[in-house]
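Shown next, in structure tokens, is the structure this report addresses.
Bear in mind that the values in this text are calculations on the coordinates, not laboratory data. All of these numbers come straight from a predicted model, not from anything done at the bench. Here the Cβ is made from the backbone with ideal geometry for all residues, glycine too, and neighbour counts use every protein chain on show.
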Amino acid sequence: MAFRPFAIPLALFVLASGAAAEPTGLVAELAGQTPSIGIATMLPDGTIVLDLRAEGPGGMIGDARLTYRPGEPHYPAVRDHLPGLRPGMTVMVPPFD
């Protein structure tokens, strides 16, 4: 079974909506973490891909995919914001200060 990055936000949505009885496994582990604004994946070449989501008043929703390659100006700040992220990993993205 291949990992699908959209499965984590979908699982958290289902959890938040009350459709799931009791969370188990990865969903239970992620549910106890600080708020997330999306997911980050590090590709084998070190590129970081951020899939972010923002929600605002009146039902406003914004989705964005940002890509940062090693050597780009903002790469170090993004990498440092995601401690422990290694090639092949996908992690939750905490809000930026």
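Amide H to amide H, with H built 1.01 Å from N, Val93 comes under 5 Å of Ile37, Gly38, Ile39, Ala40, counting only residues 5 or more places away or on other chains. State, to one decimal in nm, how far the label point of Asp80 lies from the label point of Glu55, with both points 7 Å from Cα in the Cβ direction. For the pair Asp80/Glu55, the computed spacing is 3.2 nm. Peptides 59-70, 36-47 ranked from most to least packed give 36-47, 59-70, packing being the mean of other C-beta atoms within 10 angstrom over each peptide's residues.
Between Leu66 and Thr47, residue separation times 0.36 nm minus the direct Cα-Cα distance comes to 5.8 nm.
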